[in-house]
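Worksheet for the structure shown next.
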């Protein structure tokens, strides 16, 4: 079956971005959230993103209107029953993900592919919650989705070649550069990135250098576009904490062990840009200043 209708479970920062690129590629896209207010918030973000594209001449005002017309918000899982591909973009909680896939498994046609945007859980564990493990695949995007070119396409031990190939081609149709990866926790990017970020947190804990100098060192010394502590604030301290916990449970190696500072910041609500404070204070978003973390 040709993919024509796409469902997106979740309309947060990642979900709305995925919905935007799907609609921009011409797919009728159903976006499901638990609260209409969350849909409105996500769609407002899409509107703002598309308007920037119009201002920069990347799309026309007419194209923006056409993209918006392909986005349909809903609070009902039943609205996704006729989708050819459903992409899950909810919290990193296997129970929540599996409950949704199990329900959709019962109402969607046999050809529907289930994809997860998980960054740390395994696809095989989600596939086990369905009667179609051959049609369950990973489709891991990167933030901000409309701008980042990469998407990881993950094949579990039960994913069929047909499902993988179709999903890989779908990623290309979105204007992305897909890479193939096996179903290991973290896939390619987070498998390598998380230890790097954890190492930067430990450097702060151990007083190796200041927050600013650690970031500056990696930017000027390695040519990275942003330092690891700035990146942590961008990704989210809470998100990184959750991913590290999941990956440590999977691999049981110290490189994924959660540093005490990361846990303390998570518990204190210092989640980075989303909360206004993390390794930096974003009271003035254009001029963030390093936080005094009492170290």
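Summary of computed values
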read-out	value
Single residue of 236, 223, 217, 171 found to be farther than 19 Å from residue 295 by Cα, in the same structural domain as residue 262 (by TED's automatic domain parsing) and touching a strand residue (DSSP E or B) at 6+ places or on another chain (Cβ under 6 Å)	236
Check on residue 253, surrounded by fewer than 16 Cβ atoms within 10 Å (Cβ to Cβ) and more than 21 Å from residue 205 (Cα to Cα)	no
Criterion: in contact with a helix residue (DSSP H, G or I) (Cβ under 9 Å, 6 or more places away or on another chain) and at positive phi - qualifying residue of 138, 186	186
Out of 92, 125, sole residue that is assigned to a loop (DSSP other than H, G, I, E, B) and under 30 Å from residue 247 (Cβ atoms)	92
Within segment 10-31, considering residues that are touching a helix residue (DSSP H, G or I) at 6+ places or on another chain (Cβ under 6 Å) and within 23 Å of residue 111 (Cα to Cα), the one surrounded by the most Cβ atoms within 10 Å (Cβ to Cβ)	31
Meets criteria (within 30 Å of residue 109 (Cα to Cα) and more than 15 Å from the chain's Cα centre (by Cα)) for residue 134	yes
Only one of 197, 193, 220, 231 that is modelled with pLDDT of 95 or more and more than 21 Å from residue 13 (Cβ to Cβ)	220
Filter result (touching a residue at least 60 places away in the same chain (Cβ under 8 Å) and under 17 Å from residue 269 (Cα atoms)) within segment 195-233	201
Odd one out for residue 50, checked against (1) part of a helix (DSSP H, G or I); (2) surrounded by 20 or more Cβ atoms within 10 Å (Cβ to Cβ); (3) touching a strand residue (DSSP E or B) at 6+ places or on another chain (Cβ under 7 Å)	(3)
Tally of residues being in a loop (DSSP other than H, G, I, E, B) and in contact with a helix residue (DSSP H, G or I) (Cβ under 8 Å, 6 or more places away or on another chain) across segment 99-109	1
Some residue of segment 128-149 being over 20 Å from residue 26 (Cβ atoms), modelled with pLDDT under 95 and not in a helix (DSSP H, G or I)	yes
Checking residue 127 against (1) surrounded by fewer than 20 Cβ atoms within 10 Å (Cβ to Cβ); (2) within 20 Å of residue 95 (Cβ to Cβ), the condition it does not meet	(1)
Failed item, numbered, when residue 67 is tested on (1) within 20 Å of the chain's Cα centre (by Cα); (2) under 19 Å from residue 29 (Cβ atoms); (3) buried (at least 18 other Cβ atoms within 10 Å of the Cβ)	(1)
Subset of segment 69-80 that is outside any helix (DSSP H, G or I) and touching a helix residue (DSSP H, G or I) at 6+ places or on another chain (Cβ under 8 Å) - its residue that is farthest from residue 33 (Cα to Cα)	70
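Conditions tested, residue by residue: (1) over 21 Å from the mean Cα position of the chain (by Cα); (2) touching a residue at least 60 places away in the same chain (Cβ under 8 Å); (3) not in a strand (DSSP E or B).
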site	(1), (2), (3)
18	no, yes, yes
22	no, yes, yes
31	no, no, no
82	yes, yes, yes
86	no, yes, no
97	no, no, yes
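The values are calculated or read from the model by the stated rules, or taken from the named source; none is laboratory data. Quantities reported herein were computed from a predicted structural model and do not represent experimental measurements. All Cβ positions, even for glycine, are placed from backbone atoms using ideal geometry, and neighbour counts span all protein chains on display.
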